[in-house]
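A quick write-up on the structure given underneath.
The values are calculated or read from the model by the stated rules, or taken from the named source; none is laboratory data. Quick caveat: nothing in here was measured; it's all calculated off a predicted structure. Here Cβ is always computed from backbone atoms with ideal geometry, including for glycine, and neighbour counts include all displayed protein chains. Areas reflect the complete protein model, heavy atoms only, side chains present, ligands, DNA and RNA absent. Shrake-Rupley method; radii C 1.70, N 1.55, O 1.52, S 1.80 Å.
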Amino acid sequence: MTALTILLVLVLLLVVFGLLFRLQILTSIFSGTFTRDIGMSNSVNAILFIVFLVFGGAWFAYSFVENFDKMNPAIASVHGHQMERMFWTTMAVIGVAFVITQILLFGYSYKYQHKEGRRAYFFAHNNKIEVIWTIIPAIVMAALIFAGWKAWTRITGPAPKNSVVVEVMGKQFNWLVRYPGRDMKLGVINYRMIDAVNEWGFDLSDKSALDDFTTNEIHVPKGVPVLIKIRSRDVLHAVYMPNFRVQMYAVPGMPTRFWFTPTLSTDEMRAKLGNPKFNYELACNQLCGGSHFAMKATVIVDEPDDYQNWYASQQSFSAKNPDVLAAFQQKAKTLAQPVAAEPEAKEVAPAPLASASY
């Protein structure tokens, strides 16, 4: 107990001395006799601000130029050019604002570093400045948003009637691809029918599903609109095809879509880039699990005649998997068989009541 009392007294004395010291400083400040040596650190920090602005800006510019081609792969779709213009317009507006604000931020930090005798100007409010820096950004942002909205509604709106339909489904960790057959209609799929063979869950009792076929690669014709129907079987994925400027989420339980028109075949892009091994790519750009890196598929843009030949050579899922089709047919026959009528029970006469003997 005595030790605790001594400790509390010592703490109280430290608090009192601290308050007295603070009171002395405040008194000297008000009397004008207080001086504090700032030292060289303030000037050094101010100079470092300018150094960071200059060298950081130079490094940013170098990095931007050096990686420009990696950030902007060659465009191979009709809407891609419009998206590119919209993107760089937005970047130009934001970039100008960024450069101006950073120069002012670091420049003011240097210009208005601490100096003896300098007092800050108290600027409480200015209606004119408030109106200017509210209205101008609002107008610019509204214009950018409106342009983006118009482009987005055009891209995600109804696809042309002559569009080639391809459906992709993301799952951990690969893409499944299917096409409608000769009837040009995608058949019904049912998740309850998914197994190791029937990965899509084809319901082969639906006639439209009988001629659907699956592939490991995505083939599309050049110059023809392509409607991509998108599904996810498990978690959130994303259909990302950078050369076509295509990006759309694959959401479990919520089919999405995106349509575009390819403008350069795979062979033409290889010749343009001087890379005979180039292939268009469908990648997932959402972190979807441990093997996310494997979520890739090859996209091949064919000339229209080559696409027709490739399409005609494909075999339907039901033809490749006759056992699955036979199981569906057997199930259909079982359900279609009439149920045998049960024989009518013979009417039994009621037994007479036993005579009671007394």
Verdict on ASP267 being acidic (Asp, Glu), open to solvent by less than 10 Å² (accessible area, probe 1.4 Å) and modelled with pLDDT of 90 or more: no
Number of the exception - HIS79 against (1) within 37 Å of the chain's Cα centre (by Cα); (2) free of Cβ contacts under 8 Å to residues at least 24 places away in the same chain: (2)
Residue tally, condition farther than 29 Å from ASP302 by Cα and either polar (S, T, N, Q) or in contact with a Cys (Cβ under 6 Å, 6 or more places away or on another chain) (or both), over segment 191-234: 1
Residue ID - nearest to TYR307 (Cα to Cα), chosen from residues in segment 270-283 that are in contact with a helix residue (DSSP H, G or I) (Cβ under 7 Å, 6 or more places away or on another chain) and open to solvent by less than 60 Å² (accessible area, probe 1.4 Å): TYR280
Neighbours by Cβ (under 8 Å, 6+ apart or cross-chain): first from segment 183-205, touching a residue at least 40 places away in the same chain (Cβ under 8 Å) and more than 16 Å from GLN329 (Cβ to Cβ); second part of a loop (DSSP other than H, G, I, E, B) and aliphatic (A, V, I, L, M): TRP200/ILE194
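Conditions tested, residue by residue: (1) basic (Lys, Arg); (2) exposed (fewer than 15 other Cβ atoms within 10 Å of the Cβ); (3) free of Cβ contacts under 8 Å to residues at least 60 places away in the same chain.
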| residue | (1), (2), (3) |
| --- | --- |
| LYS128 | yes, yes, yes |
| ILE135 | no, yes, yes |
| THR156 | no, yes, no |
| VAL164 | no, no, no |
| LEU176 | no, no, yes |
Every pair of residues 6+ apart whose Cβ atoms lie under 7 Å, when the first sits in segment 215-231 and is touching a residue at least 24 places away in the same chain (Cβ under 8 Å) while the second is part of a strand (DSSP E or B) and among the basic types (Lys, Arg): LEU227/ARG257; ILE228/ARG257; LYS229/ARG257; ILE230/ARG257
Meets criteria (open to solvent by less than 40 Å² (accessible area, probe 1.4 Å) and at pLDDT 95 or above) for VAL246: no
Sole residue being at pLDDT below 90 and of a type in the set (Val, Ile, Thr), chosen from ILE136, ILE129: ILE129
Residue count for segment 145-154, restricted to those that are open to solvent by less than 50 Å² (accessible area, probe 1.4 Å) and at pLDDT 90 or above: 0
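Matching residues to (1) over 28 Å from LEU236 (Cα atoms); (2) of a type in the set (Lys, Arg); (3) over 18 Å from the mean Cα position of the chain (by Cα); (4) in a strand (DSSP E or B):
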site	(1), (2), (3), (4)
MET269	yes, no, yes, no
GLN286	no, no, no, no
GLY289	no, no, no, no
THR298	no, no, yes, yes
The lone exception for TYR249 - which of (1) in contact with a helix residue (DSSP H, G or I) (Cβ under 7 Å, 6 or more places away or on another chain); (2) free of Cβ contacts under 8 Å to residues at least 40 places away in the same chain it fails: (1)
Helices (runs of 4 or more DSSP H) fully within segment 1-102 counting 3 or more residues that are at pLDDT 85 or above and hydroxyl-bearing (Ser, Thr, Tyr): 41-66
Enumeration of residues in segment 269-289 that are touching a residue at least 12 places away in the same chain (Cβ under 8 Å) and over 17 Å from ILE218 (Cβ atoms): LYS272, LEU273, GLN286, CYS288, GLY289
Residue in segment 308-316 that is among the small types (Gly, Ala, Ser) and open to solvent by 50 Å² or more (accessible area, probe 1.4 Å) present: yes
Subset of segment 55-84 that is charged (D, E, K, R) and exposed (fewer than 12 other Cβ atoms within 10 Å of the Cβ) - its residue that is farthest from PRO242 (Cα to Cα): GLU66
Filtered residues of segment 88-119 (kept if open to solvent by less than 100 Å² (accessible area, probe 1.4 Å) and under 27 Å from the mean Cα position of the chain (by Cα)): TRP88, THR89, THR90, MET91, ALA92, VAL93, ILE94, GLY95, VAL96, ALA97
